[in-house]
Amino acid sequence: MGPNTDRQTLMVRRSVAAGAGLLVLILLILLMRGCLNARKEQAFKDYVRDVGALAQESGQESKLLFDLLSGGGGSDVDVENQLNAYAGESAKLVDRARETERPDELATAQRFLVDSLEFRRDGIRGIADALPNAIARQQERRQGTEEIAGQMQKFLASDRIYFDRVIPNLQAPLKKEGLSEQAPASKFLPNVDWIQPATVADRVGKLGGGGGGRDQTAAPGLHGNGIAGVMLGDQELTEGTAPSTRVTNDLKLVVQIANQGENTETDVKVNATIGKGSDAIKLTKVLGSIAAGETKPVELPVAERPPTGQNVPITVEVEAVAGEKKTDNNEGTFSAIFTQ
């Protein structure tokens, strides 16, 4: 073979090599594109699964809440404590929703999902704050039941947001990606009758009657309780000071109650508020009985985490009992600085 033949053979080999290299490059590009598409598809599926879990837990909260409000929670204090616990759990659900990872195409659905769960959180917190009036003395019940009915509007708003905003903004991108997954449904308010004060009064009013109250007939003799001391964790609270208190899982507010009257008192209700505004932590407990001249501690577990690194106001109240006339020592105002 001559020089021309060798040159042609070399050119053919180079062409074959170049073609093979190009083919490998194309295959690599297709493989990478396939991997990216698979990852994106999985991200969509993961988000639908996470939203489904949030919707399911929110539905469970709804069932527990309305069973409780319909008379399924024991004494008044048990109901109030349960409501405060539900409010804390609903706040955690909002935090989880905010932290849920999602593809960029689902940002709008994510935003409305958080909005919907925030309405539910705020409604539960509002009901927990309004319930004591709704089951209190007769003259206070109207205000309390109207406040609870107003909070029910938040649940209705959350359902509309979820149905009108979350589902469409989740379903459309799923369809565009060619996925068969369906946006999870979620409804919190079981019946629109709950937005009527009359309905709330009829159902929640059945919870009344758990405490002593000043309107009951009092036995002869002096009556009255007072606050003898308050401990937060291992720190004693005194008015005008703000001790540092470490936030722990077993943090408790302990109120020493002193019976300063001449009668044994029963169902003595102790209330405490840590913080202020809509984020305040509400605590309630009932002391079954306390004899005349006796001092007893009432422990109120702090299940929710208070804000840290700042001066946090704390108020403590011992509700007046029947026949109690002197109440200037039934309340105390304190503060503390919570640390991690």
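The values are calculated or read from the model by the stated rules, or taken from the named source; none is laboratory data. Treat the numbers as computed from the prediction; the structure is a model and nothing was measured. Counting neighbours? That spans all protein chains shown, and the Cβs are built from the backbone with ideal geometry, glycine included.
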- Message: So if I check each of 181, 147, which one is more than 16 Å from residue 61 (Cβ to Cβ), of a type in the set (Asp, Glu) and either outside any helix (DSSP H, G or I) or not assigned by TED's automatic domain parsing to the domain that holds residue 79 (or both)?
- Response: 181
- Message: Any residue that is touching a strand residue (DSSP E or B) at 6+ places or on another chain (Cβ under 8 Å), over 24 Å from residue 322 (Cα atoms) and at pLDDT below 95 - is there at least one of those in the stretch 122-132?
- Response: yes
- Item | Among the residues listed as 242, 219, 322, 303, the single one being surrounded by fewer than 14 Cβ atoms within 10 Å (Cβ to Cβ), among the aliphatic types (A, V, I, L, M), assigned to a loop (DSSP other than H, G, I, E, B) and at negative phi | 219
- Message: I need a count of the residues in the stretch 314-340 that are within 18 Å of residue 264 (Cα to Cα) and of a type outside the set (S, T, N, Q).
- Response: 9
- Among the numbered conditions (1) farther than 22 Å from residue 197 by Cβ; (2) at pLDDT below 95, tell me where residue 166 comes up short. (2)
- Can you confirm whether the stretch 288-297 contains a residue that is among the polar types (S, T, N, Q), in contact with a Ser or Thr (Cβ under 9 Å, 6 or more places away or on another chain), touching a residue at least 40 places away in the same chain (Cβ under 8 Å) and in the same structural domain as residue 333 (by TED's automatic domain parsing)? no
- Looking only at the stretch 234-251, which residues are touching a residue at least 12 places away in the same chain (Cβ under 8 Å), within 30 Å of residue 325 (Cα to Cα) and not aliphatic (A, V, I, L, M)? 238, 239, 241
